[in-house]
Amino acid sequence: MAHTAAPAGPVPSGIAGGLPLIVAVEGLAKALFAAFIFFACFAFSETSPYDAVAIPTILLWLCLGVRLHRGAVPLVALLLLYLAAIVSALLPYLNEEFPVTWTVQLIYLAITCIFFAMFFADDTHARMELALKAYTASCVFSAVLGIVGYLQWLGIEDLFYKYDRASGTFQDPNVFGSFLTLGALYLMHGLLTGSTRRPLVSLVGLLIIVAGIFLSFSRGSWGGSVVAVLLMVGSVYAGSTAPRLRRRIVLLTLATVVLGTVAVIGLLSVDHVHKMFETRAALTQDYDQGETGRFGNQIRGFAMLLERPFGMGPMHWRLTFGLEPHNSYIGSFANGGWLGGTVFIGLVVITGIVGFRLLARPSPVRAHAQIVWPALLMFFLQAVQIDIEKWRHVYMMLGMVWALEAARLRAGAPQAGALETRR
């Protein structure tokens with residue numbers, strides 16, 4: 001006798017017989033985002049795995065409901081005004097491929113910045129931790145390759161160092177050295193506050209990153225990293241009211257300085273490292289001097305820009321002088337005219353106000369601000385002597401700072417006196 005088929009049960013609402021679909025999608029989105037951040041270290045060329053992952057990551061998170069909060073609206077307004085100035089300056093040169101491509105890339109980077117400002121404003125602690133862990137992992141990865149390449153331990157060293165300087169996974173040693181600073185700040189912050197779960201691993205990672213920064217022989221990275229560390233340590237110390245924690249901060253800072261100094265001295269014992277250090281430690285280099293050097297071009301170009309309200313047009317400084325301006329503030333006037341330059345400076349100044357306010361006022365996001373804002377400030381300072389407009393990670397940090405401000409405003413004023421630590 002044939003058995004009657006049992007009535008079909010309810011259709012599972014998820015995957016693997018019980019995992020809700022939304023949980024699986026969110027897990028995929030988090031994995032994509034972690035990969036997105038990690039791939040920021042791959043900058044061998046104009047295109048990168050970072051860019052390949054960016055679009056699906058942004059679209060997926062937009063579908064999951066990231067929102068723009070009012071605290072980040074000024075950032076969006078300033079970016080749109082800056083892009084409007086750049087596009088207006090581009091109009092006479094639409095038939096030139098290079099300026100058009102550069103402008104499209106700039107628009108794309110601005111979009112990623114707005115996405116970061118939206119993304120980190122919600123579920124801020126968890127998302128910031130995810131991003132900073134992925135970013136720090138990419139710093140250690142790139143630093144290891146830079147060290148291995150510079151010390152010529154493998155047969156593919158040319159891939160990981162340029163101009164006799166460590167470059168890791170970057171085309172430019174200057175970008176490589178500066179990229180590593182945020183990872184160093186994250187690890188050092190965890191050691192200072194006792195929030196890291198694996199202090200020995202964090203210490204080893206920090207020493208690797210410090211060695212990478214040193215071997216980049218980037219004067220801007222050296223100086224900027226020192227400023228960023230001093231600001232971060234000072235902020236953590238000032239924000240703490242517990243004598244025991246303050247003693248810990250002082251002792252660990254001194255220990256880190258000693259270990260870092262020992263590591264640098266060890267590297268300087270290598271002959272070609274010592275020679276390169278002597279060369280790069282000079283205040284100016286050959287390409288800085290003379291009428292056609294970096295500073296000479298800036299003086300001549302600045303005089304030209306005073307007579308050109310609409311600037312030279314995107315990337316026309318390079319076409320005019322054969323080199324980049326090596327100054328993002330001058331470059332903003334050259335690429336976007338008086339409006340573009342004024343807005344760029346305004347963006348830096350207003351972001352600075354926001355950043356220092358995040359450090360000064362107790363809030364649930366101050367711990368992360370103590371890490372991200374000093375790193376971004378370093379780039380704003382470096383912009384005086386290098387071009388940062390196309391550095392992907394700068395737009396990430398800019399979005400982070402404004403997201404933290406949006407989260408602070410939404411959280412309201414917490415009780416003063418409590419030191420926030422990352423869990």
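Which lysines have a Cα less than 27 Å from the Cα of K275, not counting those fewer than 8 places away in the same chain?
K162
Students often check this: by mean Cβ neighbours within 10 Å, which of 53-61, 36-44 ranks highest, and how do the rest follow?
36-44, 53-61
When ranked by the protection proxy of mean other Cβ atoms within 10 Å per residue, highest first, what sequence do the peptides 171-180, 90-99, 225-234, 108-117 form?
Descending mean neighbour count gives 171-180, 108-117, 225-234, 90-99.
Considering the zone a paramagnetic label at A238 would reach in this model (a point 7 Å from Cα along the Cα-to-Cβ line), which residues of segment 169-197 have amide N under 20 Å from it?
Answer for this model: 185-186, 188-190, 192-193.
Whenever you get a sec, line up V76, V258 from highest to lowest accessible area (probe 1.4 Å, protein heavy atoms).
Listed by decreasing accessible area, they come as V258, V76.
Specify the inter-centroid distance of segment 210-242 and segment 292-370, based on alpha-carbon positions, in whole Å.
23 Å
When only the heavy atoms of the protein chains count and the probe is 1.4 Å, how do W373, W153 rank by accessible area, highest first?
My answer, sorted largest first, is W153, W373.
Enter the per residue convex hull volume of segment 41-157, computed from alpha-carbon coordinates, in Å³ rounded to the nearest integer.
Looking at segment 41-157, the number lands at 147 Å³ per residue.
Need the list of lysines near K133 for cross-linking: C-alpha distance under 21 angstrom, and skip anything on the same chain fewer than eight residues off.
The qualifying lysines are K30.
Hey, what's the chain come to in accessible area per residue, 1.4 Å probe, Å²?
Accessible area per residue, the chain: 46 Å².
Using only the alpha-carbon atoms of the chain, report the extent along each of the three principal axes, biggest first, to the nearest angstrom.
98, 56, 53
Test of understanding: express the Cα radius of gyration of segment 149-239 as a ratio to 2.2 N^0.38 Å, with N the residue count.
1.18
Relative contact order for segment 55-183: what is it in percent, counting Cα pairs under 8 Å that are at least 6 residues apart?
For segment 55-183, the relative contact order is 18 percent.
Please give the per residue volume of the convex hull enclosing the alpha carbon atoms of segment 299-352, rounded to a whole number of Å³.
In segment 299-352, the Cα convex hull volume per residue is 69 Å³.
Carbon and sulfur atoms: what percent of the 1.4 Å accessible area of segment 101-164 do they account for?
Summing carbon and sulfur atoms, their accessible area is 70 percent of the total for segment 101-164.
What ranking do 353-360, 330-337 get when scored by the average of other Cβ atoms within 10 Å per residue, highest first?
Final packing ranking: 330-337, 353-360.
How high is the relative contact order of the chain, given as a whole-number percent (alpha carbon pairs under 8 Å, six or more residues apart)?
Here the relative contact order equals 21 percent.
Please give the calculated 222 nm ellipticity per residue for the chain, where each DSSP H segment of at least 4 residues contributes -39500 (n - 2.57) and the sum is spread over every residue; nearest 500 deg cm²/dmol?
Taken over the chain, the calculation gives -23000 deg cm²/dmol.
The values are calculated or read from the model by the stated rules, or taken from the named source; none is laboratory data. If you're wondering where the values come from, they're calculated on a predicted model, not measured in any experiment. Cβ sites come from the backbone with ideal geometry, for glycine too, and all protein chains shown count toward neighbours. For the accessible areas, the whole protein counts, side chains as well, though only heavy atoms, and no ligand, DNA or RNA atoms are used. Shrake-Rupley method; radii C 1.70, N 1.55, O 1.52, S 1.80 Å.
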